[in-house]
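One structure is given here, and the rest of the page talks about it.
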Amino acid sequence: MADKTFTLQIISPTRIFFDEEVDMVEMRTTEGEIGVLAGHIPLTAIVEPGVVKIHQEGKVREAALLDGFVEIRGNKVTVLAEACEWPENIDGKRANEARIRAERRLAEKNPQTDVDRAEAALKRALVRLSLVDGN
């Protein structure tokens, strides 16, 4: 069975979020959703905000993965993430407030608004909310 697992490391600027053997990992990249199994071809990609699904021993754990890069090499997958959070560590009220602020900025259509930044904030808030709301 060991030949069907690989090491998954998710590293944020403040800590090593995850470092264990897994059966599969799924995440969103700029090229679309990817699923990685042991023996995957080498790949480097940009991670977009989304839910990372970690498959281990028949169970799936989900976390909010917010921007970064993924490198797949040999029997190891390394994700360098801006942030990664388990659902129980997400403040739903704060995430909802961030969603409201971002939506307000986008709706105002103020020429001084950094639209890319507001859209990115909205994506991050929606990812967090999808995990705390159970959607």
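Coordinate-derived values only; no laboratory data. Remember, predicted model here, so these are calculated numbers, not experimental data. Cβ atoms come from the backbone with ideal geometry, glycine included; neighbour counts cover every protein chain shown.
Equivalent-ellipsoid semi-axes for segment 45-125 (Cα gyration tensor, √(5λ), whole Å, largest first): 30, 17, 8. Measuring how big segment 1-55 is from its alpha-carbon positions, Rg and Dmax come out at 11.6, 33 Å. A convex hull fitted to the Cα coordinates of the chain yields 113 cubic angstrom per residue.
Which lysines, on any chain, are close to residue 123 with Cα under 17 Å apart, when same-chain ones fewer than 8 places away are left out? Of all the lysines, those that pass the test against residue 123 - Cα under 17 Å, at least 8 places apart if same chain - are 93. Placing pseudo-labels 7 Å out from each Cα toward the beta carbon at residue 9 and residue 89 gives an inter-label distance of 1.8 nm. For residue 76, a cut-off of 21 angstrom between C-alpha atoms picks up these lysines, skipping any fewer than 8 places away in its own chain: 4, 53, 59.
Each part reduced to its alpha carbon centroid, segment 1-75 and segment 86-110 end up 26 Å apart.
Per-residue ellipticity at 222 nm from helix content only, as computed over the chain with -39500 (n - 2.57) for each DSSP H run of at least four residues, stands at -8500 deg cm²/dmol. Of all DSSP bridge pairs formed entirely within the chain, close to 90 percent run antiparallel.
Only aspartates and glutamates eight or more places from residue 109 in sequence, or on another chain, were considered; those with a Cα closer than 20 Å are 97, 119.
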